[in-house]
Structure formats: C-alpha cells, structure tokens
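Chemist: Once you've had a glance at the structure underneath, I'll fire off some questions.
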Amino acid sequence: MALVILLLCLLGGLILVPLGLPGLWVMVLGVIAYGWMTAFHTVTGVIIGIALALALLGEIIEWWLGFRLARVYGGSRRAGWGALLGGLVGAFVGVPLPVIGSVIGAFLGACAGAALFEYTRERHAGKAMQAGWGALIGRVAVTVAKIGVGFAIAVVGVYAALRS
C-alpha cells in the first residue's frame, strides 16, 4: 500500500506541475508518507532533505526565471508580478479544453498579466507586448525546469523505495 501511495503522489505531482499547482510539494509529501508508512526504514533524513531541497530549488527557479525573462524582454518588476498573478488566474480560469485547458490558461494568463501590468506603467503597447512575450517564454521555461526537478524527486523517492 505504501508503494502505491508513493507512486500516486509522484505521478500526481508531475501532472500538477504544468497546471501551476504545487506538484513538487505533493511529491515530497508522498516521499514522507512512504517513509512514515514503512517506519522510515529506507526513507532517511537525508532522503527527505534531498527531496525538500529539490522542491525548494524548483520554487526558486520559478521565481527567478519567471521574473528574469519578463525583464530580459523589456518588462519591469511590475510585469513580473503581472506574469505571476496572470498565470495563477489563467490556470484557475483555464481554456475550455479538456485536460490541457488549465495549462494553456496559465501560459496565456502569464502573457496577458505581464502585458497588462507593463502597459499600466509605460502606456506603450509594443513594450507591453514584448514583456508579455517574455513572460510567456518564462512560463514555458519554468514549467520545463520544474518538471525536470519533479523527475529528480521521483528518482529519489523510487530509489528510497527500492532500497529495501
């Protein structure tokens, strides 16, 4: 039963990441739950620490890369906040497509949020759209990076499970 819960948390977490939801933390909780259910026989403090450090790294990448790419494309700090908020709203509202609607919504929301927030600052549509484009590229890069981190957490969790 413990292995099933671990695998469900790992797979579920990987699915949640592109939706902009805390999938990495679901994966960490799955590793901890597996450890608890097996009396921490193979899941040690080091394993939990590695999983936590990886999840934290994923969050740092999200903040840094999301803001950085919006700024590289000419956006202000305000555009970075717009990308973050727009991505969250877009993921929640989504696009009326099954399964991937929230992912598309998050990408479009990040672009629109950055463009809108930048436009309210600069009043220049071209510069605002450029910041929005940077935010869209940033959101895609963040998603890819966090999925990579998620796979690393999955490897750590499966390694701990197979050590017994």
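The values are calculated or read from the model by the stated rules, or taken from the named source; none is laboratory data. All values derive from a computational prediction rather than experimental measurement. Neighbour counts are summed over all protein chains in view; Cβ atoms, including those assigned to glycine, are modelled from backbone coordinates with ideal geometry. Accessible surface is based on the protein model in full, side chains and every heavy atom, while ligands, DNA and RNA are left aside. Shrake-Rupley method; radii C 1.70, N 1.55, O 1.52, S 1.80 Å.
Chemist: Testing V4 on (1) surrounded by fewer than 22 Cβ atoms within 10 Å (Cβ to Cβ); (2) farther than 14 Å from A154 by Cβ; (3) in contact (Cβ under 8 Å) with a residue 12 or more places away in the chain, one condition comes back false. Which one is that?
Modeler: Result: V4 passes all but (3).
Chemist: Go through the stretch 134-164 and count every residue that is assigned to a helix (DSSP H, G or I), over 23 Å from C111 (Cβ atoms) and hydroxyl-bearing (S, T, Y).
Modeler: Total satisfying the criteria: 1.
Chemist: For the stretch 95-142, how many residues meet the condition of being touching an Asp or Glu at 6+ places or on another chain (Cβ under 7 Å) and either among the aromatic types (F, W, Y) or over 23 Å from V17 (Cα atoms) (or both)?
Modeler: Matching residues across the stretch 95-142 total 3.
Chemist: So which residues in the stretch 60-76 are open to solvent by less than 40 Å² (accessible area, probe 1.4 Å), closer than 25 Å to R123 by Cβ and not small (G, A, S), if there are any at all?
Modeler: F67, L69
Chemist: Now for a separate question. Looking at A79, A91, A141, can you tell me which residue is within 18 Å of I60 (Cβ to Cβ), of a type in the set (A, V, I, L, M) and open to solvent by less than 60 Å² (accessible area, probe 1.4 Å)?
Modeler: A141
Chemist: Going through the stretch 100-128 one residue at a time, which ones are farther than 22 Å from E62 by Cβ and not in a helix (DSSP H, G or I)?
Modeler: R123, H124, listed by residue number.
Chemist: Give the residues of the stretch 25-66 that are in a helix (DSSP H, G or I), in contact (Cβ under 8 Å) with a residue 40 or more places away in the chain, over 30 Å from L84 (Cβ atoms) and not hydroxyl-bearing (S, T, Y), sorted by residue number.
Modeler: The answer is G35, I47.
Chemist: Let me ask another. How many residues, within the stretch 144-160, are open to solvent by less than 10 Å² (accessible area, probe 1.4 Å) and among the aliphatic types (A, V, I, L, M)?
Modeler: The qualifying residues number 2.
Chemist: If you don't mind, another one. If you scan the stretch 7-24, which residues turn out to be surrounded by 24 or more Cβ atoms within 10 Å (Cβ to Cβ) and either outside any helix (DSSP H, G or I) or of a type in the set (G, A, S) (or both)?
Modeler: Hits for the stretch 7-24 are G13, G20, G23.
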